[in-house]
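Taking it in order: structure first as structure tokens, then the write-up.
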Amino acid sequence: VFEREVILDGSDIEDSLWELEMALLESDIAINVAEAIVESVKGELVGSRKKLGSNTGELVENALRSAIYKVMSANVFDLDEYIRDAKKPVHIVFIGINGTGKTTTISKMAKRLKDMNYSVVIAAGDTFRAGAIDQIAIHAERIGVKLIKHQEGGDPAAVVYDAVQHAKAHNVDVILSDTAGRMHTNVNLMAQLEKVCRVSSPDLIIFVDEAVAGNDAVERAQQFNAAVPIHGSILTKTDADSKGGAAISIAYITGKPILFLGMGQGYDDLKKFDPKWFVDQLFE
Amino acid sequence: MVMDKLGSSLQDALKKLVGAGRIDERTVTEVVKDIQRALLQADVNVKLVMQMSSHIKERALKEEVPPGMNPREHVIKIVYHELISIVGRSADIPLKPQTIMMIGLQGSGKTTTTSKLSRYFQRKGMKPAVVCADTFRPGAYQQLKTLCDKLNVPFYGEEDNPDAVGIVERGLAELEKNDVLIVDTAGRHSLEADLIDEMEQIHKVAQPDYTLLVLDGAIGQQASEQARAFNDSVGISGVVISKLDGTAKGGGALSAVSETNSAIAFIGVGETPDDLEKFEPDRFISRLLGMGDIKSLIEKA
Ligand SMILES: Nc1nc2c(ncn2[C@@H]2O[C@H](COP(=O)(O)OP(=O)(O)OP(=O)(O)O)[C@@H](O)[C@H]2O)c(=O)[nH]1
Ligand SMILES: Nc1nc2c(ncn2[C@@H]2O[C@H](COP(=O)(O)OP(=O)(O)OP(=O)(O)O)[C@@H](O)[C@H]2O)c(=O)[nH]1
Ligand SMILES: [Mg+2]
Ligand SMILES: [Mg+2]
């Protein structure tokens, strides 16, 4: 039996691509990332063959789907395996813009690690924002993990250093260091962050951003990653914005994996990132 | 894969019009596409962008270029008018005795803005006072109390009592002698039914003169939907856009204003109590479009 085929040209797929690009934008993928991905899909499809009678829209959607899957599954990094195999203590610093959910995510992570029978110490590295030390102290107490803190206004690098010393002296498995939220454009605060990371040389640096963020996600992920190279990101508040396209912007621009999703304000609302699940619900 | 540098796209787009003596359909289509892109990059709602760009295109083709203006200036003027018709008036919070309720998504900047507004009213010679109705976020009480203590602003809160509605009732009674009463509430989003319900109850008890929605300047496509939900629930009298000291353009907030037919009152440009500015539509639009001083361009006409 003969299967007849046609060769796709740009005009065949233009409309489908445009519609999909708009859908991506509505899911909060930054426009330059959406364009770059759509462009690559176009390049791949134009000149390729399709079976006569097969649905072009479907073909385009599938190609886009796999392109996004590729972005989201590149450089997979399993934090659980890493912690299991690494020399202890493992030190993780959390960084990001103001109010994205760093402190809450650290609490969730502490609870998760504790449930896995690791010992955990938290460093109250946000010595700047009003009430920041109280906030993390309440979390630490509720979860039942040790907190190392200094006074408000103290040197964050010193707090983090102390937490690392504490962990070494007491055979603690994991140190989770909080840092103050800061704008990627604030030169002094970014320099301070570099110092925190230099002094304590963490094993991992995790960038925390929120699902409700739009195009700016690209800019800040890029600038944080440039200042203190990150190992991965966590996207919070996906319960408010289920599509979470910002995850794609961030993964694309940093080339680093998304590790977890924050899905609510409870301690158990932390979900390990699953690229397949993510792409499925994006195209739902 | 190559990516554009953020920001300059509209400026480049409009350069295309510099040489053009007459505006033809092809040039306009091309320029409008670039305008579309600039707005999308600034986080303006996708549907709103499509709507606006078809308006812009229609007007650019139909309207005569006024004498003394080149086609480029003409298109800028049309774009400006479309945007100003959305954000045009800034919400004016008067200097009189009143109650203000702060609402918004988690981490948007409500508590910080509460301290900024206190400072603002203080500087205008008024006597602000603050009630902490966030009984949900750990450390919310200490955060607000610390901020108020530093400013010498009277503060009411009940540290371990989860009953936000009762706290507001007692707090407003206790602080009665002050003239501007600001109620800070916990962060919430439209899908958290219990928290939305709590907000409605607080609103009923506080009966605020102004309900201010605090939106993160970087919020994306969710802005319209969230704003609509808050507006349906308690009504929004004004918007504060926070965190505009970074690189965010604030198009989400613009979309929220368009969706709820409200207006922007202030913008937040930093973490300290002094980092609050009155909203200026022209500056905001210039920033949104990534252009220099749009006002002087328009005024030239
Ligand atoms: N709905 C929802 N809220 C979240 C999530 N993660 C954090 N939050 C809320 O977001 C707000 C800010 O969270 P924080 O953990 O204080 O954020 P942060 O990044 O530490 O903030 P700064 O230290 O001020 O920069 C709080 O009200 C949290 O409860 C999430 O996954 N879903
Ligand atoms: N750079 C900058 N940071 C801001 C601005 N406004 C608020 N922030 C910071 O954003 C973070 C969150 O601010 P909050 O005032 O705690 O936000 P919130 O809405 O009260 O948060 P929840 O009560 O958890 O919902 C803090 O780190 C603030 O210092 C601003 O205009 N610029
Ligand atoms: Mg924090
Ligand atoms: Mg607050």
Somewhere in the stretch A:160-175, is a residue of a type in the set (Val, Ile, Thr), outside any helix (DSSP H, G or I) and within 16 Å of ligand 2 (Cβ to nearest atom)? no
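This table checks each residue for (1) within 27 Å of residue B:44 (Cβ to Cβ); (2) in a loop (DSSP other than H, G, I, E, B).
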position	(1), (2)
B:176	no, yes
B:189	yes, yes
B:198	no, no
B:244	yes, yes
The condition from (1) more than 14 Å from chain A (Cβ to nearest Cβ); (2) modelled with pLDDT under 95 that residue B:177 misses is numbered (2)
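Per-residue answers, yes or no, for (1) surrounded by fewer than 20 Cβ atoms within 10 Å (Cβ to Cβ); (2) aliphatic (A, V, I, L, M); (3) more than 11 Å from chain A (Cβ to nearest Cβ):
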site	(1), (2), (3)
B:133	no, yes, yes
B:141	no, no, no
B:168	no, yes, yes
B:186	no, yes, no
B:189	no, no, no
May I ask you to verify whether residue A:128 is hydrophobic (A, V, I, L, M, F, W, C) and away from chain B (no Cβ under 14 Å)? no
Being out of contact with any Pro (no Cβ under 8 Å at 6 or more places or on another chain), closer than 22 Å to residue A:244 by Cα and in a strand (DSSP E or B) narrows B:214, B:240 down to just B:214
Return a yes/no flag: does the stretch B:198-209 have any residue that is facing chain A (nearest Cβ under 9 Å), hydrophobic (A, V, I, L, M, F, W, C) and in contact with a Lys or Arg (Cβ under 9 Å, 6 or more places away or on another chain). no
Output the residue which, of all residues in the stretch A:98-123 that are farther than 14 Å from residue A:269 by Cα and in contact with an Asp or Glu (Cβ under 6 Å, 6 or more places away or on another chain), is nearest to the other protein chains (Cβ to nearest Cβ). A:100
Check A:179, A:185 and return the single one that is away from ligand 4 (no atom under 16 Å from the Cβ), over 24 Å from residue A:114 (Cα atoms) and either within 11 Å of chain B (Cβ to nearest Cβ) or part of a loop (DSSP other than H, G, I, E, B) (or both). A:185
In the stretch B:257-269, is there at least one residue being closer than 24 Å to residue A:239 by Cβ, outside any strand (DSSP E or B), in contact (Cβ under 8 Å) with a residue 12 or more places away in the chain and within 16 Å of the chain's Cα centre (by Cα)? yes
Scanning the stretch A:64-113 for residues that are of a type in the set (Gly, Ala, Ser) and under 26 Å from residue B:109 (Cα atoms) gives A:96, A:99, A:101, A:107, A:110
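The values are calculated or read from the model by the stated rules, or taken from the named source; none is laboratory data. Since the model is a prediction, treat every value here as computed from it, not as a measurement. Note that we place each Cβ from the backbone using ideal geometry, even for glycine, and neighbour counts take in every protein chain shown.
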